[in-house]
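Down below is the structure, laid out as C-alpha coordinates.
The values are calculated or read from the model by the stated rules, or taken from the named source; none is laboratory data. If you're wondering where the values come from, they're calculated on a predicted model, not measured in any experiment. Here the Cβ is made from the backbone with ideal geometry for all residues, glycine too, and neighbour counts use every protein chain on show.
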Amino acid sequence: MKLIKLEEALSKNIIECKDLNNDIIFRKYNISEGNIIKVENNQIVCMSEKGRVLDIKEESGKYKVQNIDETDEEFDKKWKDLIIRKSEEEDLCIIFFNKNVIRHNKYFISDPIKYKNWKDEKEVEIFINLEGYYDFKIIDPKMLLSKIIGLRRYFTKQELIEKVRKYIVSSIEEGINEISEEYKLDIDTLTQNSDKLEVKLKQNEYDRKLEEYGIKLTYFDIKKFEITKKKFKFF
(Lines give C-alpha, C1' and ligand atoms only; values in the text may rest on other atoms or scores of the structure.)
Protein backbone atom coordinates (compact mmCIF):
# COMPACT_ATOMS: atom_id res chain seq x y z
CA MET A 1 0.00 0.00 0.00
CA LYS A 2 1.37 3.41 -1.03
CA LEU A 3 0.40 7.08 -1.15
CA ILE A 4 0.27 8.22 -4.79
CA LYS A 5 0.23 11.96 -5.45
CA LEU A 6 -2.70 13.30 -7.47
CA GLU A 7 -2.70 16.28 -9.79
CA GLU A 8 -6.45 16.65 -10.26
CA ALA A 9 -8.57 18.27 -7.53
CA LEU A 10 -10.64 15.38 -6.19
CA SER A 11 -13.17 16.07 -3.46
CA LYS A 12 -14.54 12.62 -2.50
CA ASN A 13 -13.20 10.35 0.23
CA ILE A 14 -10.81 13.03 1.46
CA ILE A 15 -9.22 12.61 4.88
CA GLU A 16 -7.52 15.71 6.25
CA CYS A 17 -6.50 17.06 9.63
CA LYS A 18 -7.45 20.66 10.35
CA ASP A 19 -6.86 20.75 14.09
CA LEU A 20 -3.08 20.44 14.34
CA ASN A 21 -2.37 23.53 16.41
CA ASN A 22 -0.05 24.71 19.14
CA ASP A 23 -1.47 22.04 21.49
CA ILE A 24 -1.66 18.96 19.23
CA ILE A 25 1.55 17.22 18.12
CA PHE A 26 -0.01 14.41 16.08
CA ARG A 27 -3.38 12.86 15.26
CA LYS A 28 -4.21 9.44 13.81
CA TYR A 29 -7.12 8.21 11.61
CA ASN A 30 -8.14 4.81 10.26
CA ILE A 31 -8.21 4.72 6.45
CA SER A 32 -9.07 2.40 3.56
CA GLU A 33 -7.77 1.79 0.06
CA GLY A 34 -9.08 4.50 -2.26
CA ASN A 35 -9.14 7.26 0.37
CA ILE A 36 -7.62 10.61 -0.57
CA ILE A 37 -5.20 12.05 2.00
CA LYS A 38 -4.74 15.82 1.99
CA VAL A 39 -1.41 17.05 3.36
CA GLU A 40 -1.01 20.70 4.35
CA ASN A 41 2.22 22.74 4.38
CA ASN A 42 2.66 22.39 8.14
CA GLN A 43 2.19 18.60 8.17
CA ILE A 44 4.00 15.31 7.67
CA VAL A 45 1.87 12.20 7.07
CA CYS A 46 2.77 8.61 7.77
CA MET A 47 0.75 5.57 6.63
CA SER A 48 1.07 2.42 8.72
CA GLU A 49 -0.50 -1.02 9.16
CA LYS A 50 0.14 -3.77 11.70
CA GLY A 51 2.77 -1.60 13.36
CA ARG A 52 4.82 -1.12 10.17
CA VAL A 53 5.36 2.10 8.24
CA LEU A 54 4.20 1.77 4.63
CA ASP A 55 4.77 5.30 3.36
CA ILE A 56 5.54 8.83 4.54
CA LYS A 57 5.01 12.18 2.78
CA GLU A 58 6.31 15.64 3.68
CA GLU A 59 5.24 17.53 0.54
CA SER A 60 1.82 19.21 0.62
CA GLY A 61 -0.85 17.94 -1.78
CA LYS A 62 -3.43 15.18 -2.22
CA TYR A 63 -2.46 11.52 -2.21
CA LYS A 64 -4.51 8.42 -3.03
CA VAL A 65 -4.18 5.26 -0.97
CA GLN A 66 -3.43 2.54 -3.53
CA ASN A 67 -2.49 -1.11 -3.21
CA ILE A 68 0.57 -1.26 -5.47
CA ASP A 69 3.71 -3.33 -5.30
CA GLU A 70 6.49 -0.77 -5.39
CA THR A 71 10.04 -1.12 -4.09
CA ASP A 72 11.90 1.86 -2.70
CA GLU A 73 15.30 0.78 -1.38
CA GLU A 74 16.03 4.12 0.28
CA PHE A 75 12.68 4.11 2.09
CA ASP A 76 13.02 0.46 3.11
CA LYS A 77 16.50 1.08 4.50
CA LYS A 78 15.18 3.71 6.88
CA TRP A 79 11.77 2.31 7.81
CA LYS A 80 11.48 -1.45 7.27
CA ASP A 81 12.93 -2.41 10.69
CA LEU A 82 10.73 0.01 12.63
CA ILE A 83 7.84 -1.50 14.57
CA ILE A 84 5.43 0.98 16.14
CA ARG A 85 5.05 -0.34 19.66
CA LYS A 86 1.69 -1.84 20.67
CA SER A 87 0.37 -1.42 17.11
CA GLU A 88 1.05 -4.87 15.67
CA GLU A 89 -2.68 -5.63 15.32
CA GLU A 90 -3.78 -2.20 14.14
CA ASP A 91 -5.57 -1.69 10.81
CA LEU A 92 -4.43 0.63 8.04
CA CYS A 93 -4.14 4.18 9.38
CA ILE A 94 -2.68 7.60 8.64
CA ILE A 95 -0.84 9.78 11.15
CA PHE A 96 -0.66 13.55 10.70
CA PHE A 97 2.36 15.18 12.37
CA ASN A 98 2.50 18.86 13.23
CA LYS A 99 5.84 20.16 11.95
CA ASN A 100 5.32 23.73 13.16
CA VAL A 101 7.30 25.00 16.13
CA ILE A 102 5.17 24.44 19.27
CA ARG A 103 5.64 27.73 21.08
CA HIS A 104 5.46 29.30 24.54
CA ASN A 105 5.39 26.19 26.72
CA LYS A 106 5.74 27.15 30.36
CA TYR A 107 7.52 25.00 32.92
CA PHE A 108 7.71 25.10 36.74
CA ILE A 109 10.28 23.20 38.77
CA SER A 110 10.47 22.87 42.57
CA ASP A 111 12.72 19.89 43.16
CA PRO A 112 15.37 18.71 45.59
CA ILE A 113 18.76 18.13 44.02
CA LYS A 114 22.06 16.81 45.33
CA TYR A 115 24.70 19.47 45.95
CA LYS A 116 28.31 18.96 46.98
CA ASN A 117 29.24 21.84 49.25
CA TRP A 118 32.75 22.93 48.21
CA LYS A 119 33.87 24.05 51.71
CA ASP A 120 33.44 20.71 53.45
CA GLU A 121 32.85 18.47 50.38
CA LYS A 122 29.70 17.10 51.97
CA GLU A 123 26.73 16.23 49.78
CA VAL A 124 23.51 17.93 50.88
CA GLU A 125 20.03 18.36 49.48
CA ILE A 126 18.94 21.79 48.27
CA PHE A 127 15.75 22.94 46.57
CA ILE A 128 15.35 25.00 43.43
CA ASN A 129 12.51 27.18 42.22
CA LEU A 130 12.70 27.61 38.47
CA GLU A 131 10.27 28.98 35.90
CA GLY A 132 10.58 29.71 32.22
CA TYR A 133 9.45 28.95 28.67
CA TYR A 134 10.58 26.73 25.81
CA ASP A 135 9.65 26.03 22.18
CA PHE A 136 10.10 22.72 20.36
CA LYS A 137 9.41 20.97 17.07
CA ILE A 138 9.36 17.48 15.59
CA ILE A 139 12.59 16.78 13.71
CA ASP A 140 12.37 13.00 13.32
CA PRO A 141 8.95 11.32 12.91
CA LYS A 142 10.63 7.91 13.01
CA MET A 143 11.83 8.43 16.58
CA LEU A 144 8.46 9.80 17.66
CA LEU A 145 6.71 6.80 16.12
CA SER A 146 8.98 4.30 17.83
CA LYS A 147 9.01 5.95 21.28
CA ILE A 148 5.59 7.47 21.83
CA ILE A 149 2.72 6.70 19.51
CA GLY A 150 1.58 3.08 19.90
CA LEU A 151 -2.21 2.81 19.79
CA ARG A 152 -2.83 6.44 20.69
CA ARG A 153 -5.13 8.57 18.56
CA TYR A 154 -3.51 11.89 19.34
CA PHE A 155 -0.76 13.42 21.45
CA THR A 156 -0.71 16.85 23.10
CA LYS A 157 2.18 19.09 24.05
CA GLN A 158 1.20 18.84 27.75
CA GLU A 159 2.29 15.22 27.73
CA LEU A 160 5.83 16.25 26.84
CA ILE A 161 6.24 18.75 29.64
CA GLU A 162 7.23 16.11 32.22
CA LYS A 163 9.86 14.69 29.86
CA VAL A 164 11.33 18.14 29.25
CA ARG A 165 11.15 18.91 32.96
CA LYS A 166 13.09 15.78 33.89
CA TYR A 167 15.99 16.65 31.60
CA ILE A 168 16.08 20.28 32.78
CA VAL A 169 16.29 19.19 36.45
CA SER A 170 19.12 16.79 35.61
CA SER A 171 20.99 19.56 33.81
CA ILE A 172 20.47 21.99 36.70
CA GLU A 173 21.96 19.52 39.17
CA GLU A 174 24.95 19.04 36.90
CA GLY A 175 25.31 22.79 36.29
CA ILE A 176 25.08 23.78 39.96
CA ASN A 177 27.80 21.33 40.95
CA GLU A 178 30.02 22.46 38.06
CA ILE A 179 29.58 26.09 39.13
CA SER A 180 30.38 25.21 42.74
CA GLU A 181 33.60 23.48 41.73
CA GLU A 182 34.64 26.18 39.26
CA TYR A 183 34.04 29.18 41.55
CA LYS A 184 34.63 27.44 44.90
CA LEU A 185 31.16 28.23 46.23
CA ASP A 186 29.51 27.10 49.40
CA ILE A 187 25.76 26.76 49.69
CA ASP A 188 25.31 30.29 51.10
CA THR A 189 27.07 32.02 48.20
CA LEU A 190 25.58 29.77 45.49
CA THR A 191 22.42 31.87 45.16
CA GLN A 192 24.52 34.97 44.48
CA ASN A 193 25.83 33.32 41.33
CA SER A 194 22.55 32.40 39.66
CA ASP A 195 23.52 34.44 36.57
CA LYS A 196 26.55 32.19 36.04
CA LEU A 197 24.34 29.14 36.47
CA GLU A 198 21.91 30.35 33.79
CA VAL A 199 24.80 30.59 31.34
CA LYS A 200 25.97 27.11 32.34
CA LEU A 201 22.47 25.64 31.89
CA LYS A 202 22.15 27.02 28.39
CA GLN A 203 25.55 25.58 27.50
CA ASN A 204 24.60 22.09 28.72
CA GLU A 205 23.19 19.89 25.97
CA TYR A 206 20.37 18.46 28.07
CA ASP A 207 17.97 18.73 25.14
CA ARG A 208 19.90 15.99 23.36
CA LYS A 209 17.93 13.47 25.39
CA LEU A 210 14.73 14.84 23.87
CA GLU A 211 16.09 14.04 20.42
CA GLU A 212 15.62 10.38 21.36
CA TYR A 213 11.92 11.19 20.96
CA GLY A 214 12.44 12.98 17.63
CA ILE A 215 11.98 16.38 19.29
CA LYS A 216 14.28 19.39 19.32
CA LEU A 217 14.14 22.42 21.62
CA THR A 218 14.29 25.58 19.50
CA TYR A 219 14.12 28.05 22.40
CA PHE A 220 14.67 27.93 26.15
CA ASP A 221 14.75 30.63 28.81
CA ILE A 222 14.79 31.07 32.59
CA LYS A 223 12.40 33.71 33.96
CA LYS A 224 12.78 32.93 37.64
CA PHE A 225 15.51 31.10 39.52
CA GLU A 226 15.99 30.66 43.28
CA ILE A 227 17.87 28.22 45.51
CA THR A 228 17.04 27.46 49.13
CA LYS A 229 17.72 24.86 51.80
CA LYS A 230 13.97 24.36 52.29
CA LYS A 231 11.22 23.18 49.98
CA PHE A 232 9.16 25.90 48.33
CA LYS A 233 5.47 26.02 49.06
CA PHE A 234 2.94 26.81 46.35
CA PHE A 235 -0.51 28.09 47.27
| query | Among the residues of the stretch 115-142 satisfying the criterion of being modelled with pLDDT under 80 and basic (Lys, Arg), which is farthest from the chain's Cα centre (by Cα)? | reply | LYS119
| One residue from LEU145, LEU197 being aliphatic (A, V, I, L, M), surrounded by 14 or more Cβ atoms within 10 Å (Cβ to Cβ) and at pLDDT 75 or above | LEU145
| query | What number of residues within the stretch 80-122 satisfy the criterion of being touching a helix residue (DSSP H, G or I) at 6+ places or on another chain (Cβ under 7 Å), buried (at least 18 other Cβ atoms within 10 Å of the Cβ), over 30 Å from GLU226 (Cβ atoms) and not β-branched (Val, Ile, Thr)? | reply | 1
| query | Identify, please: which residue in the stretch 44-64 is in contact with a Leu (Cβ under 9 Å, 6 or more places away or on another chain) and more than 20 Å from LEU82 (Cβ to Cβ) and is, among those, surrounded by the fewest Cβ atoms within 10 Å (Cβ to Cβ)? | reply | GLY61
